[in-house]
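The values are calculated or read from the model by the stated rules, or taken from the named source; none is laboratory data. Small disclaimer: the values here were computed from a predicted structure and weren't measured. In this analysis, Cβ positions are derived from the backbone assuming ideal geometry, glycine residues included, and neighbour counts consider all displayed protein chains. Ligands, DNA and RNA are stripped out before the accessible areas are found, and what is left, the full protein with its side chains, is counted by its heavy atoms. Shrake-Rupley method; radii C 1.70, N 1.55, O 1.52, S 1.80 Å.
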Amino acid sequence: MKGKERPITILMADDDPDDRELTREAFRESRLANEFHTVEDGEELLDYLHRRGRYAALNGAPLPGLILLDLNMPRKDGREALREIKSDPHLRRIPIVVLTTSKAEEDILRSYDLGVNSYVTKPVTFQSLVELVRVLGRYWFEVVELPPDE
């Protein structure tokens, strides 16, 4: 983790409880020391980032260093959440990886137009998910220079 004193928090926004739990387990299996938190939709994601509602107690805590974002969620989908995050000067530097089942060219292009940092299709097997988490961990926490906490 390139000179970091503490692990970077990863926040996953996905409405599927099985996907959230499998990804959490893949992080454990990959032995990444990062804190891993989940939210169920774009509304909850923005509440977490703005420290509103049930996340008000996090006020003053560092923001996540990486967001894993599903596109297709109820209430506020990933596209809407992505647009809001990337237009907010206090949040736009947080790297966002879209992690979704969609392989639609329109979704890929729109996500990059909205400022996503990477677009990844969810793997179909658990072992592939573990390998993806390892690759994401190496890339985002060993290779890339992330912006400092504000």
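Miscellaneous remarks
- Alpha-carbon Rg with Dmax, taken over segment 30-107, Å: 12.9, 39
- Selected from 63, 87, 120, residue furthest toward positive end of dipole (the chain; charges at beta carbon): 63
- Segment 64-82 residues near the modelled residue 109 label - backbone nitrogen below 20 Å, point 7 Å along Cα→Cβ: 71-72, 78-80, 82
- Solvent-accessible area of residue 121, all protein chains in place: 50 Å² (probe radius 1.4 Å, heavy atoms, ligands and nucleic acids excluded).
- Rounded to two decimals, the Cα-based Rg/Rh of the chain, with Kirkwood Rh, is 0.93.
- Residues whose amide H lies under 5 Å from that of residue 146, counting only those 5 or more places away or on a different chain, are absent; hydrogens are built 1.01 Å from N in the peptide plane.
- Lys pairs, segment 1-104 - Cα-Cα below 29 angstrom, 8 or more residues apart or on other chains: 5
- Each Cα pair under 8 Å and six or more residues apart adds its separation to the average, and for the chain the resulting relative contact order is 26 percent.
- The charge dipole of segment 17-150, taken about its Cα centre with unit charges on the Cβ atoms of Lys, Arg (+1), Asp and Glu (-1) only, comes to about 180 debye.
- Segment 1-68: chymotrypsin sites (Phe, Trp or Tyr not before Pro) in DSSP loop, at most 16 other beta carbons within 10 Å: none
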